[in-house]
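Q: Before I ask anything, here is the structure I am working with.
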Amino acid sequence: MLRAAHSVSRGPARQHGQSMVLGLLLVGVAALAMIRYFGVGQVLGARADQTHALDAAAYSGALVQARALNLLSFINRAQVGHQVAMAHLTTLGSWALFGGHEARQLVQGNPPAYLIAMMFGASHGAAYASADRAAGRETAAAGFGALAQAYAGHDRLVHDTLFKAQQDIVTNLRRSRDEAMTLVLNRSYPDENYSLKVSDDGLDDYLAQHGGLSLSGFITDVVARFVFLAPRNETMRNAWMVNPRCPHMRHELRRRGDTRLESDGRWSSTDTQSYHALRSNKWIGCYYREYAMGWGWIAGQHATGNDMPHVQNPPDNFAAQDFWRWVHAHTDWDIFSGSANPLANSRAVSQRPLWSMRGLPRYFDVRQSGQAKPLYFSAHLVRAIASGERVHTNSAAETYFQRPQARADRRLERQNLFNPYWQARLAISPALRHSMKVGP
């Protein structure tokens, strides 16, 4: 009986040992699964961190582009501002010449101030008499004068400083962007154990250099806002009849002047004033005898003045020959019904100082093909992690143009480099865009 009991008690012991083997197998499988999941988790975590780092780098690159385009916009606006200043300096130059020459005519009494006051009113007489305070001012407009030197300073700045700064910005823009992206990635991965590739870069075809003359219309519109640069044309007539042979004609005081941007991109300014005395003789009847009172002309070295009636080297006086005979012999001026100051123009041209003028500077703007799309690029980052695997991530960013508020005229404004409204944002990369496609 004892043997039977002993043999019965050995069964449960063998069953208990088999359970241990099965448990060990299950523990091994679980351990392998955990190791596998841990490796996958490492890769997913590395990919998530790498995606954030690459997004930050891509955004930083787009931000560098936005700041560069905004700086180009500010430079273009500064260029326009300098042109306004140069237009004012040119006008001040012709005014200085005008005042200095009028002061000399006043001293010589040719014509006298009282005659102007009697013919055209006390205010015009007083204005002419005040020209004595402008004596010597013409030296400021000479080629070595303060106004000419100030203009030359602006000319050097727009051509040799501002435009060259734009060239440097455009030339180095891609390198500056890529350096910024690398700097951001180095903060996340100091060991620099990665490879960055930028593609789909539209920078080469986005910006274009233009000649300054293409801005002529825009600058002319801006300058038109300044009253000081507006045309200075006025004609005064005396109130009473002068000659019964031509009762409708009167003595005239003609003030002429304008500031303009010439077709070669250089500024010019003309200011003249003449007293046109009504005369009459039996040969030609009634005509106007011009007495030049003041004159001044500032223009580029190659300007000819062909758009205003004049002759080269007019006589200082007409003691040797009557005015009307000289006009008929040497000019085609209209001294019967004309409205210009041809004699004053002639003296302005012959006594013109030489200012250094290089015209409108070149500039950069968005190409026409890029005016409706942002400046885009994509980035691909490959990095080896601790497990030895290489993790690939993609990102993209763009620099875009957006006004902070709508235009007052509600018109659509295309992307340009005159308004600094450039911003940066992340975009959808081509790889992600491809993965998002659903169905054929």
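We did not get these values from a lab; they are worked out from the coordinates using the rules stated. Here the structure is a predicted model, which means the values were calculated and not measured. Positions of Cβ are backbone-derived with ideal geometry, glycine not excepted, and every protein chain shown enters the neighbour counts.
Q: Using only alpha carbon pairs under 8 Å that are at least six residues apart, calculate the relative contact order of the chain and give it in whole percent. Mind dumping the intermediate values first?
A: Details: 708 pairs, mean separation 102.9, N = 440.
Computed over the chain, the figure is 23 percent.
Q: Got a sec to turn the phi values of the stretch 174-185 into Karplus ³J(HN,Hα) couplings, 6.51 cos²θ - 1.76 cosθ + 1.60 with θ = phi - 60°, whole Hz, x for Gly and Pro?
A: Computed from phi, the couplings for the stretch 174-185 are 5, 4, 5, 5, 5, 5, 5, 5, 5, 4, 5, 5 Hz.
Q: Let me ask something additional. Between LEU426 and ASP160, what length comes free when the chain is fully extended (0.36 nm per residue of separation minus the Cα-Cα distance, one decimal in nm)?
A: Numbers: separation 266, 0.36 × 266 = 95.76 nm, distance 3.65 nm.
The LEU426-ASP160 span can extend by a further 92.1 nm.
Q: Average the reciprocal distances over every distinct pair of alpha-carbons in the chain, invert the result, and give the Kirkwood radius in Å. Walk me through the numbers on the way to the answer.
A: Details: mean 1/r = 0.0345 Å⁻¹.
For the chain, inverting the mean 1/r across all distinct Cα pairs yields 29.0 Å.
Q: Treating cross-link reach as a plain straight distance, find the aspartates and glutamates whose alpha-carbon is under 17 Å from the alpha-carbon of LYS197, omitting any fewer than eight places away in the same chain.
A: ASP55, ASP178, GLU179, GLU398
Q: Right, something else. For a quick check: with amide H placed at 1.01 Å from N, whose amide H comes under 5 Å from ALA427's, ignoring anything fewer than 5 positions away on the same chain?
A: Answer set, sorted by chain and number: ALA396, ALA397, GLU398.
Q: Let me ask another. Compute, for the stretch 213-287, the length of the dipole vector about the Cα centre, with Cβ point charges of +1 (Lys, Arg) and -1 (Asp, Glu) only. Units Debye, rounded to 20.
A: Details: 12 positive and 7 negative charges, 106 e Å.
So the magnitude is around 520 debye.
Q: Further question on the same structure: The stretch 375-426 to the stretch 178-211: how many Å between their Cα centroids?
A: So the separation of the two Cα centres works out to 12 Å.
Q: About the Cα centre, and with charges only on the beta carbon of Lys, Arg (+1) and Asp, Glu (-1), how big is the dipole of the stretch 327-393? Nearest 20 debye, please.
A: Numbers: 8 positive and 4 negative charges, 88 e Å.
Dipole about the Cα centre, nearest 20: 420 debye.
Q: Expressed as a whole number of Å, what is the distance separating the alpha-carbon centroids of the stretch 65-95 and the stretch 119-138?
A: 34
Q: Mind giving me the FRET efficiency for ALA224 and ILE385? R0 is 45 Å, r the Cβ-Cβ distance, nearest 0.05 is fine.
A: On the way: r = 65 Å, r/R0 = 1.43.
After rounding to 0.05, the efficiency reads 0.10.
Q: I'd like the GluC sites (Glu not before Pro) in the stretch 112-201 restricted to DSSP loop residues with at most 14 other Cβ atoms within 10 Å, sorted by number. List each step's numbers first, then the result.
A: Values: sites: GLU138, GLU179, GLU192; in loops: GLU192.
Qualifying residues, ordered by number: GLU192.
Q: How much length would be gained if the chain were fully extended between SER188 and GLN402, taking 0.36 nm per residue of separation minus their Cα-Cα distance, in nm to one decimal?
A: Difference between extended and current length: 73.9 nm.
Q: How high is the FRET efficiency from GLN167 to ASP132, r the C-beta distance, R0 35 Å, rounded to 0.05? Working shown, then result.
A: Values: r = 50 Å, r/R0 = 1.43.
For R0 = 35 Å, the calculated efficiency reads 0.10.
Q: For a quick check: with amide H placed at 1.01 Å from N, whose amide H comes under 5 Å from TYR287's, ignoring anything fewer than 5 positions away on the same chain?
A: Under 5 Å from the amide H of TYR287 lie the amide H atoms of ARG279, SER280, each far enough along the sequence or on another chain.
Q: A follow-up question, please. State the Cα centre-to-centre distance between the stretch 310-326 and the stretch 327-368 in whole Å.
A: Spelled out, the Cα-based centre of one part sits 20 Å from the other.
Q: Hey, another quick one. Please return the longest range in the chain lying between exposed loop sites, taking chymotrypsin sites (Phe, Trp or Tyr not before Pro), DSSP loop only, at most 14 other beta-carbon atoms within 10 Å, and leaving the sites out. Let's see the in-between values first.
A: Working: sites that count: PHE144, PHE226, TRP240, TRP283, PHE336.
It works out to 1-143.
Q: What do you get for GluC sites (Glu not before Pro) in the stretch 223-301 restricted to DSSP loop and a cutoff of at most 16 other Cβ within 10 Å of the site's Cβ?
A: On the way: sites: GLU234, GLU252, GLU262, GLU290; in loops: GLU262.
Answer by residue number: GLU262.
Q: Follow-up question, since we're still on this one. From the phi angles alone, apply the Karplus equation (6.51, -1.76, 1.60; θ = phi - 60°) to the stretch 282-287 and give each ³J(HN,Hα) in whole Hz, x where the residue is Gly or Pro.
A: Each residue's phi maps through the Karplus curve to give 6, 8, 10, x, 7, 7 Hz.
Q: Another one. Using a/c under 1.5 as the rounded threshold, could you call the stretch 39-108 rounded, prolate or oblate? The axes a ≥ b ≥ c are square roots of the C-alpha gyration tensor eigenvalues, and prolate needs a/b larger than b/c, oblate otherwise. Mind showing how you got there, number by number?
A: Numbers: a/c = 17.96, a/b = 13.90, b/c = 1.29.
The shape class here is prolate.
Q: Let me ask something else. Provide the per-residue ³J(HN,Hα) series for the stretch 198-211, in order, calculated from phi with Karplus coefficients 6.51, -1.76, 1.60 and θ = phi - 60°, each as a whole number of Hz, with x at glycine and proline positions.
A: 3J(HN,Hα) across the stretch 198-211, in whole Hz: 9, 9, 6, 7, x, 5, 4, 9, 9, 10, 9, 8, 10, x.
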